[in-house]
Amino acid sequence: MIKKIFILSLLLQSLFSFSQIPNLSDKAIFSVLTVDVANASHTLYGHTALRVNDSIAGFDVVYNYGMFDFSTSNFLLKFTKGDLQYYAAVYPYADFEYSYREENRSIYEQKLHLSLSEKQALFQKLNQSVFSEEKFYTYKFIDRNCTTKVIDVINSVLKDKPIQNNLHKDENYREVLYGYQQGQFWLNFGINIIFGHRPDEQAAVLFLPIDLLEVLKTAQHDGKALAEKPTDLFIATPLDSKFSFWNSIYPLIVFLSIIVLVNKKGLNLFYFSILGLIGLFFVAVNLYSLHREVLWNYNMLLFNPLYLVLAYFLIKNNTIWIKKIALICLLCLGAYLIYLLNKAHLLMMLPLIIATGIVTGRLYLKKEQ
C-alpha cells in the first residue's frame, strides 16, 4: 500500500506541479476526514486527513500527513528516539476510502465553509507541504502528528485561527488517552509505564482525530460555523468484543500471586531481574529518546534498576546489603504509590505495587543468619 501511494503521489505531482498549482473552481469542496479508531497500536487513536474535491476541475484527492514507511532502516530505533520521519502525500480519495474500508474503520467527513480565496490559499499551502522540502517532518506523539498538521495548515491561512482546543480543560493527556486504550490491557499497560511526566500535564494541545471532529462541530469562522455537521462516508461493521482472559489484568495477577505465594529464591531473583531490566531500559530511553512523553519517567520508582543490585546480593547471600537495598527500594515504592494516588493508571499498577512491596518487604524483614 505504501508503494502504491508513493507511485500515485508521483503521478499527482505531475498534475499538481508546485510551480503550476491549478486554480480551483467555485465548486471546490474542502473537508476534514476523520477515520475511527482500531485495535492496532498505530490505529489506536484514529486518523485525520484533508480532502479536496473539485468536480469542475476533475479531481478528488486526499492530503495525508500520517504517512510513514515500516521499511525505513532502523525503524524501531528511530521511532523510540523520536527522529522518525513522517511525510505528507496526496492521492485519490477513492484509494483512501478503499484502504479504510478494508480495515473496517468508519470514515466521517466535515465540509469546511471557506471563501474561494481561502480555498485557493489553502490549496496552495497543501501543495507546498507535499511538493517541497516541507514534505517530511519529525513525528511527535502529542505535538506533531496527522491531526496537528491538519490544524496548523488550516489555521495558517485563516486569520482568526478558528480551530482551538476547548476540550479536556480539567483532564491531563494520560486521562484523555486512557479511554482509547482500555480495551487492550497489555497495550494500555505498556503505554502507561513508558510514559513519563509530560502526559500528566493538562491536555492543552488538540492532537487526537476524534477530538478535532468534536471541536469542528462548534468552531466559528467569520461569525459562522467553520464546518458542516459530520456526515458518514463509511460505517464499519460492528465486531463482537468478546472478553479475552489473556488480554486482561488477570494473567498479571496470576503471575504475581505465584511470585508472592511460592516465595522461592529463584522466583524472587527472576522477578527482581525483570523489574531491574525494565528500569534500565527506562534509563536508556530517558538518555536516548527525544520524545518528551517518555522523559522523567517516575515509573522507575517501581521498575527500579536497584533490583538488579538486590538480585546480585541475593545470589551472594549478603544479608546486610540485601536489607539495605531492600529498604531503599521500599522507600521508592512508597513514594511511587503516593505519587500515583491521583493518576489514571493507579488501579492498573496496584497489583504490581502490592506484590513488589510484599516480596521486597520479606527480604528487608528477614533475620540475619
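Every number in this text was worked out from the coordinates using simple rules, so none of it is lab data. None of the values given here were measured: they were computed from a predicted structure. Virtual Cβ from ideal backbone geometry, glycine too; neighbours counted across all protein chains shown.
Judged by the gyration tensor of its Cα atoms, with axes a ≥ b ≥ c, the stretch 222-357 is prolate; a/c meets the 1.5 cut and a/b is the larger of a/b and b/c. Placing unit charges on the Cβ atoms only, positive for Lys and Arg and negative for Asp and Glu, gives the stretch 43-148 a dipole magnitude near 260 debye about its Cα centre. Remark on the stretch 247-298: ratio of C-alpha radius of gyration to 2.2 N^0.38 Å is 1.49. Taking other residues whose beta carbon is less than 13 angstrom from the beta carbon of Ala38, and scoring Lys, Arg as +1 and Asp, Glu as -1, yields -1. Which of rounded, prolate, oblate describes the stretch 296-369, given a ≥ b ≥ c as roots of the alpha-carbon gyration tensor eigenvalues and a/c under 1.5 marking rounded, otherwise prolate only if a/b is larger than b/c? Prolate shape, in that a/c is at least 1.5 and a/b is the bigger ratio.
Among the DSSP helices (H) of the chain, those spanning at least 24 angstrom by Cα along their long axis with an average Kyte-Doolittle hydropathy of 1.0 or more are 265-288, 319-340, 346-365; this is a geometric and hydropathy rule only. Pairs from the table (Lys169/Lys229; Lys27/Lys135; Lys161/Lys343) lying more than 25 angstrom apart at Cα are Lys27/Lys135; Lys161/Lys343.
The stretch between Ala121 and Phe245, if pulled fully straight at 0.36 nm per residue, gains 39.4 nm over its current Cα-Cα span. Residue-wise HN-Hα couplings along the stretch 158-168, as the Karplus relation 6.51 cos²θ - 1.76 cosθ + 1.60 with θ = phi - 60° gives them from phi, are 10, 4, 7, 6, x, 8, 10, 6, 10, 10, 6 Hz; Gly and Pro carry x. In percent, rounded to a whole number, the relative contact order of the chain is 16, using alpha-carbon pairs under 8 Å and six or more apart. Candidate cross-link partners of Lys323 among the lysines, defined by an alpha-carbon separation under 19 Å and a same-chain spacing of 8 or more, comprise Lys264, Lys265, Lys366, Lys367. Of the residues Ile107, Leu256, Phe59, the one whose Cα sits farthest toward the positive end of the charge dipole of the chain, with +1 on the Cβ of Lys and Arg and -1 on the Cβ of Asp and Glu, is Leu256.
Within the stretch 313-339, name every residue whose backbone N is under 14 Å away from a label modeled 7 Å from Cα of Lys265 along the Cβ vector. Answer for this model: 313-320, 322.
Treating each Cα of the chain as one equal point scatterer and applying the Debye formula with no solvent, the log10 of I(q)/I(0) at q = 0.12, 0.13, 0.14 Å⁻¹ comes out as -0.95, -1.06, -1.17. For the stretch 291-368, the relative contact order comes to 37 percent (Cα pairs under 8 Å, sequence separation of at least 6). Across the stretch 319-359, the volume of the C-alpha convex hull divided among the residues equals 47 Å³ per residue.
Based on alpha-carbon centroids, what's the gap between the stretch 24-76 and the stretch 292-340 in Å, whole number please? Comparing the Cα centres of the stretch 24-76 and the stretch 292-340, I get a distance of 45 Å. Computed about the Cα centre, the dipole magnitude for the chain is approximately 1660 debye when only Lys and Arg (+1) and Asp and Glu (-1) carry charge, each at its Cβ. Once the Cβ-Cβ distance of Leu277 and Ile328 is raised to the sixth power relative to R0 = 22 Å, the FRET efficiency obtained is 0.75.
For the stretch 34-176, rounded, prolate or oblate, judged on the Cα gyration tensor with a ≥ b ≥ c (square roots of eigenvalues), a/c < 1.5 rounded, else prolate if a/b > b/c? It is rounded, given that a/c, with a ≥ b ≥ c, falls under 1.5.
If only the Cβ of Lys and Arg carry +1 and only the Cβ of Asp and Glu carry -1, the dipole of the stretch 285-369 around its Cα centre is close to 260 debye.
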